[in-house]
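Notes follow once the structure below has been shown.
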Amino acid sequence: MCGIIGYVGLDDAKKALIKGLQTLEYRGYDSAGIAYCQPEGIKTIKTVGKVSKLKEKVADEASDDVATCGIGHTRWATHGGVSATNSHPHTAGKVTLIHNGIIENYKELQEELAAKGLEPVSQTDTEIAAMVINDCYHGDPEAAIKKAITKLEGAYGFCVMFSDIPETIYAVRNGSPLVAAHTDRGSIIASDMVALVSYTKHYFVLKEGHIAKLTEDEIIVKDENGEVYGPYIHHISWDMASAKKGGYDYFMMKEIHEQPEALRNTIRPRMVNGLPDFSADNIGDDIFEGINRIVITACGTAMHSGLMGKNMIERLCRIPVTVDIASEFRYQNPIIDEKTLLITVSQSGETADTLAALRLAKERGAKTLSVVNVKGSSIARESDYVLYTHAGPEIAVASTKAYSVQVAVMYLIAFRLALVSGKISEQEAAEYMTTMMNTINKVEEVLGYDSQTERIAKRLTKATDIFFLGRGLDYALSCEGSLKLKEISYIHSEAYAAGELKHGTISLITDNVPVIALATQPDVYAKIISNVQEVRSRGARVILITGADAEVDAALCDYHIVLPDTDPLFAPFVATVVLQYLAYYVSVEKGLNVDQPRNLAKSVTVE
Ligand code: M6R
């Protein structure tokens, strides 16, 4: 949520910042801005709109400026509307800064500043933070930052420049992520590794409360006591090509196609002698010892993968599993104790609500396991155990490959727990593993359904409401299919457990309302078909998705999508691609920006 970057080094800082912001734009795209050191002081250029607009403005207004140190920001608006004044960087006195997060007590701080005769020009919490740091500044930047953060409440990642200390950037964070690296071209810091990867594959995560000082020659990190701290260096395994579109029109399509590889990379290291095994993750079976329930908590798509996990874990392991939306979890006084295994799921590993839920669960003594894609992220670092999903960077706001691998890890947890608790035999566990690996070939096959789904999607663009129906695993998947569609097509959509529709919602089904029905599960097949008949007889336009051997009466639906022959338990891995394609093509057909849907951001680091 908001992309921030700082660069100081041998390269043209303006170019480095714009290039970095382009990679970070998925984190917010309401406005963008940069500030950089000039002999006469710090110069700021900002604009409403995307980084491409900023790039043009910088070319128009600053082509002659030579700059080697600066900070840049791409904004997802929270406090204060979308305007040039509210765009970052913000300046107060000698301080110019960029911010990712929310300062919760900014109103009180604003009143304190007003009492000193200091008024902001914008409506943002960020400008107040800049004013507070400036107010604390008497020539020692670290002392000023240290004092200011004792006054600030909320989440922040700041990069700060002081007009009287040129060619230097200071950074500090609480909650919001910041990663940094020093290379032979200088020092760079950003809210996401994707902005660093064209410089280096080695980086560190700035710890909360530590202050980093970046210059061309080095990065010095100091801990809360002012002692120099040597951060742990992480290495990434993917390269710049992974963070580019690679010939696809949109990242989302590229990432849909990366699912087979992501699944293989995620499952293979957890398959030892054909059995599910987490020893490569340093997770022994003691993780399951003494637990009497599992609570899964996450947001959005990640939460939907939790729904899939609940279904599989309860089905195979016979242990109660609840799935909670992370933003609700911490405010409902959740029933958790040392016999609870709390599983958080997060692509970014930085989602504020999920992180808060994890912290609460730890306080209450639960064992914590996180399923995370971004290495070294806050949720990963703070969990007792981590299972990384190996999806590589996911850039499109709409999650696709990250979802598939989260579901795969849910299945792996179900298999391992069922095996160690004696609910399934080694042979059964091995069969599940083999079937899951074989399913990846079916995922490859279903990638060939693009033209079929595109044709259907073209008939959906005028709809104002679209319903998804399913039962069991298909219901869990419907929730994800519906979210995917609404977030990138702007068409209202809801997912319903098919049997629940007639308890109210069926009154919304009238002529031509599209209903996408998933019917891949043999145990409830007859039931869902009856539910489809109920909507069909009320005029619904039905898109029916079934397994390969389902016999479907042609009168039952307008479109029938037959999935490649797959074991029903693993059908969600295949069916999800169809739902992703439908959402994608509706969005493309409507001429929308698939990768950057309005009002959204990839990483939600505010509550
Ligand atoms: O990074 P996280 O997985 O924690 O993000 C949680 C949600 O914001 C995310 O899954 C969101 O719902 C998807 N981007 C939607 O496609």
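Name the residues in region 375-434 that are farther than 15 Å from Asp281 by Cβ and of a type in the set (Asp, Glu), would you?
Once the filter is applied, which keeps residues that are farther than 15 Å from Asp281 by Cβ and of a type in the set (Asp, Glu), region 375-434 yields Glu382, Glu394, Glu426, Glu428, Glu431.
I'd like the full set of residues that are in a strand (DSSP E or B) and either open to solvent by 10 Å² or more (accessible area, probe 1.4 Å) or β-branched (Val, Ile, Thr) (or both), limited to region 332-357.
Thr340, Ile343, Thr344, Val345
It is to be established whether one or more residues within region 413-420 are within 16 Å of the ligand (Cβ to nearest atom), more than 24 Å from Lys362 (Cα to Cα) and open to solvent by less than 10 Å² (accessible area, probe 1.4 Å).
No.
Out of all the residues in region 353-399, which are in contact with a strand residue (DSSP E or B) (Cβ under 6 Å, 6 or more places away or on another chain) and among the small types (Gly, Ala, Ser)?
Ala357, Ala361, Ala366, Ser370, Gly376, Ala380, Ser383
Determine whether Lys14 is surrounded by 23 or more Cβ atoms within 10 Å (Cβ to Cβ) and modelled with pLDDT of 95 or more.
Yes; evaluated as a whole, the condition is true for this residue.
Out of the residues in region 17-45 that are open to solvent by 10 Å² or more (accessible area, probe 1.4 Å) and part of a strand (DSSP E or B), state the one that is nearest to Asn86 (Cα to Cα).
Only one residue tops the list, namely Thr44.
Going residue by residue through region 584-603, is there one that turns out to be away from the ligand (no atom under 16 Å from the Cβ), part of a helix (DSSP H, G or I), charged (D, E, K, R) and in contact with a Ser or Thr (Cβ under 7 Å, 6 or more places away or on another chain)?
yes
Show me the strands (runs of 3 or more DSSP E) found entirely inside region 438-536 where at least 3 residues are free of Cβ contacts under 8 Å to residues at least 60 places away in the same chain, open to solvent by 20 Å² or more (accessible area, probe 1.4 Å) and not basic (Lys, Arg).
Answer list for region 438-536: 492-497.
In region 178-205, what residues are acidic (Asp, Glu) and either farther than 14 Å from Lys375 by Cα or open to solvent by less than 20 Å² (accessible area, probe 1.4 Å) (or both)?
Listed by number, the list holds a single entry, Asp184.
Each row is one residue, and each column tells you yes or no for (1) of a type in the set (Val, Ile, Thr); (2) modelled with pLDDT of 95 or more; (3) more than 22 Å from Ala571 (Cα to Cα); (4) in contact with a Ser or Thr (Cβ under 9 Å, 6 or more places away or on another chain).
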residue: Gln427; (1), (2), (3), (4): no, yes, no, no
residue: Met433; (1), (2), (3), (4): no, yes, no, no
residue: Met436; (1), (2), (3), (4): no, yes, no, no
residue: Ala457; (1), (2), (3), (4): no, yes, no, yes
residue: Leu460; (1), (2), (3), (4): no, yes, yes, yes
residue: Asp465; (1), (2), (3), (4): no, yes, yes, yes
residue: Leu469; (1), (2), (3), (4): no, yes, no, yes
residue: Tyr475; (1), (2), (3), (4): no, yes, no, no
residue: Glu480; (1), (2), (3), (4): no, yes, no, yes
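I'd like the full set of residues that are crowded, with 16+ Cβ neighbours inside 10 Å and within 17 Å of Pro514 (Cα to Cα), limited to region 539-557.
Matches in region 539-557: Ala540, Arg541, Val542, Ile543, Leu544, Ile545, Thr546, Cys557.
Any idea which of (1) at pLDDT 95 or above; (2) of a type in the set (Val, Ile, Thr); (3) away from the ligand (no atom under 14 Å from the Cβ) is the one Ile335 doesn't satisfy?
Failed condition: (1).
Across region 276-311, what is the number of residues that are over 14 Å from Val371 (Cβ atoms) and open to solvent by 40 Å² or more (accessible area, probe 1.4 Å)?
9
Restricting to region 366-400, give me the number of residues that are more than 11 Å from the ligand (Cβ to nearest atom), outside any loop (DSSP other than H, G, I, E, B) and not small (Gly, Ala, Ser).
9
The values are calculated or read from the model by the stated rules, or taken from the named source; none is laboratory data. None of the values given here were measured: they were computed from a predicted structure. Glycine gets a Cβ as well: all are built from the backbone with ideal geometry, and neighbour counts include every protein chain shown. Accessible surface is based on the protein model in full, side chains and every heavy atom, while ligands, DNA and RNA are left aside. Shrake-Rupley method; radii C 1.70, N 1.55, O 1.52, S 1.80 Å.
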